[in-house]
Amino acid sequence: MANIALLGAGFIGGFYAASLTARRGRDRVTAVCAKTAGQGREFAARYRIPAWTTDLEETVRRPDVDVVVIGLPNHLHKEAALLAARAGKAVLCTKPLARNATEAKEMLDAVEGAGVFHGYLEDLAYTPKTLKSLQTVRSGALGRILWTRSREAHPGPHSDWFWKKELSGGGAIIDLGCHCIEIGRNFIGKDLLPLEVFCWAATQVHPIEAEDSAVGLVKYAGGAVSQFEVAWNFRGGMDLRDEVSGTEGTIWLNHWLRTGFELFSAPGQRGYVAEKAEGESGWLFPVGGEAAALGYDDMFLDMLDSYEQGRAPMETFYDGYVVNAVMDAAYRSRESGRWEAVRLEVWRGAKEASGRASMADYDDQHFLIKQERMPDGKTKIILQNKASGEIVQKVV
């Protein structure tokens with residue numbers, strides 16, 4: 001059982017409060033820290049939380065708190081994490097870990113220096129479809145992963161601080177790209193070093209300093225490439241899709257807009273439909289169990305089970321730090337128009353990675369590159385001569 005302090009009573013705080021006791025049933029949110037007294041009082045009443053405050057340090061230091069969950073605006077993540085580390089409390093932080101890799105490294109150093117449990121709350125790495133796909137990839141069913149694509153796009157964020165670059169650290173890249181980058185890392189393999197990034201970004205619609213749309217490529221040791229597409233100017237709801245391509249297979253995922261639940265209502269549903277939905281009438285696309293579909297339930301299950309069992313969760317502050325370093329490179333690439341190296345002060349993955357997987361033997365003279373069943377029932381085999389390197393084809 002964990003006694004939890006929730007820092008933040010906004011949109012994400014509501015998702016977190018709803019999920020924290022949904023699956024395990026033995027954890028308690030004992031206190032919530034809100035921006036205002038009115039918000040704190042209302043939030044505590046809605047989620048049956050016994051105490052509320054507007055003071056971060058007071059909330060973190062409460063004797064009835066074991067685990068601190070940070071659901072605050074980006075510019076407050078470092079302060080809250082350092083408070084938790086100094087208090088010796090386990091700490092879980094929402095995405096992105098920080099506004100940049102420098103802040104993220106300070107947070108990582110603080111929690112590791114204090115020896116406290118820490119987890120990075122990257123919910124979209126925990127969606128049921130993603131977890132099943134990761135299991136499939138890790139079983140070898142897709143062979144060596146060559147390319148991934150992750151897309152998150154919607155009409156724009158729900159809170160005003162997102163639009164202020166000094167508070168958020170950036171625009172759509174920092175808000176949505178963090179999801180896409182970490183999803184790509186999971187599929188390609190976290191042990192492989194992200195080498196460099198090329199990124200286009202622009203402010204196409206909104207009158208803000210930061211970017212409202214971006215497309216980027218992350219190149220990994222071993223040759224794999226991960227593509228991210230993000231936008232705050234997509235109309236029609238929230239588009240969450242992932243693709244994975246390997247030497248032996250492919251996965252396509254659609255998490256949100258087309259999930260098999262479609263509703264038409266002429267008068268309108270008259271109420272909340274789904275996150276980022278833009279209307280309440282006509283064709284609607286509700287989601288059965290949003291917290292589960294978005295990964296919150298499985299995320300907190302992993303975090304709190306890991307906390308109790310004394311092991312690292314699937315996503316840690318180190319993962320958040322790597323993601324911040326990749327996003328920093330994306331922002332540098334946007335300015336330079338060139339590939340930019342990912343700068344990591346600490347790398348804990350493989351030291352080297354082969355750019356090409358070894359090929360299986362076909363016979364003494366040839367490697368097997370590929371075989372394919374033809375419409376007439378015959379098999380086409382593509383081979384490489386071991387001595388000369390010549391590519392040859394035969395049909396049997």
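The values are calculated or read from the model by the stated rules, or taken from the named source; none is laboratory data. If you're wondering where the values come from, they're calculated on a predicted model, not measured in any experiment. Using ideal geometry, Cβ is built from the backbone for each residue, glycine included, and neighbour counts are taken over all protein chains shown.
Step by step: first the residues of the stretch 218-276, then only those that are part of a strand (DSSP E or B) and of a type in the set (Asp, Glu), then the one that is surrounded by the most Cβ atoms within 10 Å (Cβ to Cβ). Which residue is that? Here the residue is Asp242.
Only one of Tyr321, Tyr296, Tyr331 is within 30 Å of Met1 (Cβ to Cβ), surrounded by 15 or more Cβ atoms within 10 Å (Cβ to Cβ), aromatic (Phe, Trp, Tyr) and at pLDDT 95 or above. Can you tell me which?
Result of the check over Tyr321, Tyr296, Tyr331: Tyr321.
Restricting the stretch 299-315 to residues that are touching a residue at least 60 places away in the same chain (Cβ under 8 Å) and either hydrophobic (A, V, I, L, M, F, W, C) or surrounded by 24 or more Cβ atoms within 10 Å (Cβ to Cβ) (or both), which is nearest to Lys276 (Cα to Cα)? That would be Met299.
Of all the numbered requirements in (1) touching a Ser or Thr at 6+ places or on another chain (Cβ under 9 Å); (2) buried (at least 19 other Cβ atoms within 10 Å of the Cβ), Trp147 misses one, and that requirement is (2). Restricting the first member to the stretch 368-396 and to residues that are free of Cβ contacts under 8 Å to residues at least 24 places away in the same chain and of a type in the set (Ser, Thr, Tyr), and the second to residues that are in a loop (DSSP other than H, G, I, E, B) and surrounded by 12 or more Cβ atoms within 10 Å (Cβ to Cβ), no beta-carbon pair is closer than 7 Å while six or more apart or on different chains. The residues of the stretch 203-218 that are more than 15 Å from Met327 (Cβ to Cβ), of a type outside the set (S, T, N, Q) and touching a strand residue (DSSP E or B) at 6+ places or on another chain (Cβ under 9 Å), listed by number, are Val205, Asp212.
Among the residues examined, Glu79 qualifies as surrounded by fewer than 24 Cβ atoms within 10 Å (Cβ to Cβ), under 24 Å from Val323 (Cα atoms) and either touching a Pro at 6+ places or on another chain (Cβ under 9 Å) or touching a residue at least 12 places away in the same chain (Cβ under 8 Å) (or both). Restricting attention to the stretch 1-26, the residues that are of a type in the set (Val, Ile, Thr) and part of a helix (DSSP H, G or I) total 1.
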